[in-house]
Amino acid sequence: MSVNTDHRHQMSLVTFLFFSIAGGGFILRSIINQYTNWGYNSWILYLVATLIYAIPYTFMVIELSSIKQLRESESGYQTWLNLILGRKMGFIAGFFYFYVNIFYFVDLLPNVLTYGLYTIYADVEYVTALTTQAWFKPIISISSISLFWLATYVSMKGPKWLATLLSFAGYAGFSLTIVFLVSAVFKLSTGTIMSNGVPVVPKYYEAMDLSWGMIASMSWALQSLGGLEALAAYKRNIRGGERSFRIGLLLNVTLFSIVMIACALLTNMILPAEQAAKLGLLSAIYVVFQQLGFPMWWTNVIAFFLLLTTLCGSLMLWTAAPVKMLFVDAPKGIFGEKLSETNHEGTPINALKLQGILVTIIIIIFMLGQMNAESGINSILVAVKNLNGGAATLPVLFMLAGYIKLRWDSNNPEYARDFYFLGKGRLFASLAVIPIVIIFSAATFTALVPAPELWVENFGGTLIQFILGPMSIIAVTIYCSIIFDRWRVKNPHDHSHFNVISTENTKEDKIKLDTQELM
């Protein structure tokens, strides 16, 4: 007897909303990290990114997900591009979505560990000194690998575990952001905020230094406002289906954007940008709360919330979603049966294990490249963040290419859909995405290719960063092209856009589902 896959876990709209907030990253941390680079202009960066990127991009995702013949797809992103750009380009784009996401873990995991340190020690200077020690770098590497395998284990449990952890992380992270907003407004309304005995004089604009590094750091902001396309992989796990999915995305971009811009403006009034730049990515967020009058031990509380939201939120979602998006709808058999094999929830267990192995190797390589660097942990985190941010924008460029083609060939019956962003015409929708193409292209190049001065400071580490970035991307493109061509020779008549998950489950899955029904 077969068991239908409709028994999959179904989450509510509210759960999905906080699921998506957790997946997008911790709001306040992203804002203050950006403030250390862009200073008083960070709120302008987020405002512009919201208007010309986040809003159009959300409607792009909604339009692509409404394509009628792809409604039963498990992954979204790769399936859309399979249909529009062709199976080969869709496969390459899907592989990139999986591959570049690995850099995200190299960025995220060391941050999780430093949050753990700040949870135990409230002394910002002590933790900063500890993390700059050469002997501490391999500890970060080994611990990061252990954390990632923990996240992989949770991801193997499927959407039910993920939805529970991610909605919890969303609530936790958002609550700390609300504490900041309320405290900042109260403090500013009752008196002047001081910094080193001098009143903080807010600025809302200063001359922009559009250096190589500054343009590269734009990718951080773009990344924190993006990622909604990954949630399409769980569209079939939300109660209310397409309608609830759309409402969740619209609520997410509205809530997210307003809060991010408000936080950025308030940060200008609380901490001088010059001081934030000196503090760097590790400790600026704790000093911001100290500026609001919170006691020293509050650093432990902030770090604990950061630890929860990052570990239970961003790490869990991004461990699972890209793997599902690639391996579930990759051409059948291109990776062999084992890697594409899924359980009844549509989760590719073996592919998650392979991802764990790749992440382990890259973390070790990157940390080895930084072992002899004289720069502190903040410089390393900036380098990793640039690599991650630049890599993360590549899948968006693929999607933009697909969307432009979709709009210029809207009359194609294969593209029939029930939602059109800015009407059915070509002009307005195309104009809406051109600024995204320009900004993403510039941010991607400057983030992936290290600035000239970095080669002088740390040639070995920068070379490894260059190899892990642009060189590996070229190698991946060649690899994907070769294995697809080999697959096409063996499967000349397979022109499907996505793989249909079998309604037949394993004996183990059937026992689990029968048990759930009895309960």
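The values are calculated or read from the model by the stated rules, or taken from the named source; none is laboratory data. Everything numeric here is computed off the predicted structure, so don't read it as measured data. Every residue, glycine as well, gets a Cβ built from its backbone with ideal geometry; the counts of neighbours run over all protein chains shown.
Numbers for the structure displayed
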quantity: Residue in segment 173-188 that is out of contact with any strand residue (DSSP E or B) (no Cβ under 8 Å at 6 or more places or on another chain), without any contact (Cβ under 8 Å) to a residue 60 or more places away in the chain and of a type in the set (D, E, K, R) present; calculated: no
quantity: Of residues in segment 447-463 being assigned to a helix (DSSP H, G or I) and at pLDDT below 75, the one surrounded by the most Cβ atoms within 10 Å (Cβ to Cβ); calculated: G461
quantity: Cβ pairs under 9 Å, 6+ apart, first in segment 103-132 and under 29 Å from G469 (Cα atoms) and in contact (Cβ under 8 Å) with a residue 60 or more places away in the chain, second among the charged types (D, E, K, R) and part of a helix (DSSP H, G or I); calculated: D107/K385; N111/R29; T131/K137
quantity: Residue in segment 219-249 that is nearest to T444 (Cα to Cα), counting only those that are under 20 Å from the mean Cα position of the chain (by Cα) and modelled with pLDDT of 80 or more; calculated: L249
quantity: L266, sole failed condition from (1) more than 14 Å from M11 (Cβ to Cβ); (2) of a type in the set (A, V, I, L, M); (3) buried (at least 22 other Cβ atoms within 10 Å of the Cβ); (4) in contact with a Ser or Thr (Cβ under 9 Å, 6 or more places away or on another chain); calculated: (4)
quantity: Within segment 44-137, helices (runs of 4 or more DSSP H) holding 2 or more residues that are crowded, with 18+ Cβ neighbours inside 10 Å and within 22 Å of the chain's Cα centre (by Cα); calculated: 55-65, 77-85, 87-120
quantity: Candidates I67, I62, I52, I84 - the one that is out of contact with any Leu (no Cβ under 8 Å at 6 or more places or on another chain), in contact (Cβ under 8 Å) with a residue 24 or more places away in the chain and of a type in the set (A, V, I, L, M, F, W, C); calculated: I52
quantity: Sole exception among (1) farther than 30 Å from F304 by Cβ; (2) aliphatic (A, V, I, L, M); (3) at pLDDT below 85 for L113, by number; calculated: (1)
quantity: Every residue from segment 231-274 that is closer than 22 Å to F289 by Cα and of a type in the set (V, I, T); calculated: I258, V259, I261, T267, I270
quantity: First in segment 424-435 and exposed (fewer than 11 other Cβ atoms within 10 Å of the Cβ), second anywhere and part of a helix (DSSP H, G or I), Cβ under 7 Å, 6 or more apart; calculated: none
quantity: Wholly within segment 323-422, helices (runs of 4 or more DSSP H) carrying at least 2 residues that are modelled with pLDDT of 70 or more and either among the small types (G, A, S) or on the phi > 0 side of the Ramachandran plot (or both); calculated: 349-370, 377-408
quantity: Subset of segment 199-223 [within 15 Å of T36 (Cα to Cα) and not in a loop (DSSP other than H, G, I, E, B)]; calculated: G213, M214, I215, A216, S217, M218, S219, W220, A221
quantity: Qualifying residues in segment 116-165 (those that are of a type in the set (S, T, N, Q) and closer than 19 Å to F305 by Cβ) - the one modelled with the highest pLDDT; calculated: T119
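Residue-wise test of (1) at pLDDT 75 or above; (2) more than 25 Å from A447 (Cα to Cα).
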position: V3; (1), (2): no, yes
position: A22; (1), (2): no, no
position: L47; (1), (2): yes, no
position: L70; (1), (2): yes, yes
